[in-house]
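Below is one structure, written out as structure tokens, with a few remarks after it.
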Amino acid sequence: MKYITILTILTVAIGWIIVHQFTSIRDLKNFRRNSRIDALTNYYMALIRSGLDGPMLKLDSDGKLVNNAISVENAIALIHLHGNEQQSELANAYVKQIEKDGSGDLTKLIDTLRKDIRTMLGSRDLVSIPHYLRVKSKEII
């Protein structure tokens, strides 16, 4: 009887350790996936916003320089940290376009970010091309 009790306690303890280890691994994977989703979503929104807002450097009505490039610069830098190989290559291509022509096309990079985020969320990629809304206010006289 004494051996059965000891064997039962050992079995329960070993089982608890194994379950705890697998739970810790699962929690770490979930945390990493959720962190990556949050990060890529922020970069996605920064790049979308840059397309909606027009030129990254422009003069306001008072002639002061408005710099909207910082969020795009940060997004590009952090895509190299959190993005996959394809996203990093597309970010590089965009930077090279900007350096060469002063403008660039973010469509492919935005599409791959959206596809990656949707995949991690368990959603299928969009079949249709998304259209983004930009409401411009007009001065009221």
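Odds and ends about this structure:
- Residues within region 20-46 that are of a type outside the set (A, V, I, L, M) and more than 20 Å from L113 (Cβ to Cβ), tallied: 10
- Verdict on D111 being out of contact with any Cys (no Cβ under 6 Å at 6 or more places or on another chain), over 16 Å from S50 (Cβ atoms), surrounded by 14 or more Cβ atoms within 10 Å (Cβ to Cβ) and at pLDDT 90 or above: no
- Filter pass, I17 being part of a helix (DSSP H, G or I), farther than 18 Å from T119 by Cβ and touching a residue at least 12 places away in the same chain (Cβ under 8 Å): no
- Of all residue pairs spaced 6 or more apart or on separate chains, those with beta-carbon atoms under 8 Å, a first member in region 123-138 that is closer than 20 Å to L106 by Cβ and surrounded by 10 or more Cβ atoms within 10 Å (Cβ to Cβ) and a second member that is hydrophobic (A, V, I, L, M, F, W, C) and modelled with pLDDT of 80 or more are R134/L52.
- Close contacts from region 94-110, counting a first residue that is β-branched (V, I, T) and a second that is surrounded by 15 or more Cβ atoms within 10 Å (Cβ to Cβ), with Cβ to Cβ under 7 Å and a gap of 6+ residues or different chains, come to V95/I76; I98/G104; I110/Y44; I110/L47; I110/I48.
The values are calculated or read from the model by the stated rules, or taken from the named source; none is laboratory data. Nothing here was measured: the structure is a model prediction, and the numbers come from that model. All Cβ positions, even for glycine, are placed from backbone atoms using ideal geometry, and neighbour counts span all protein chains on display.
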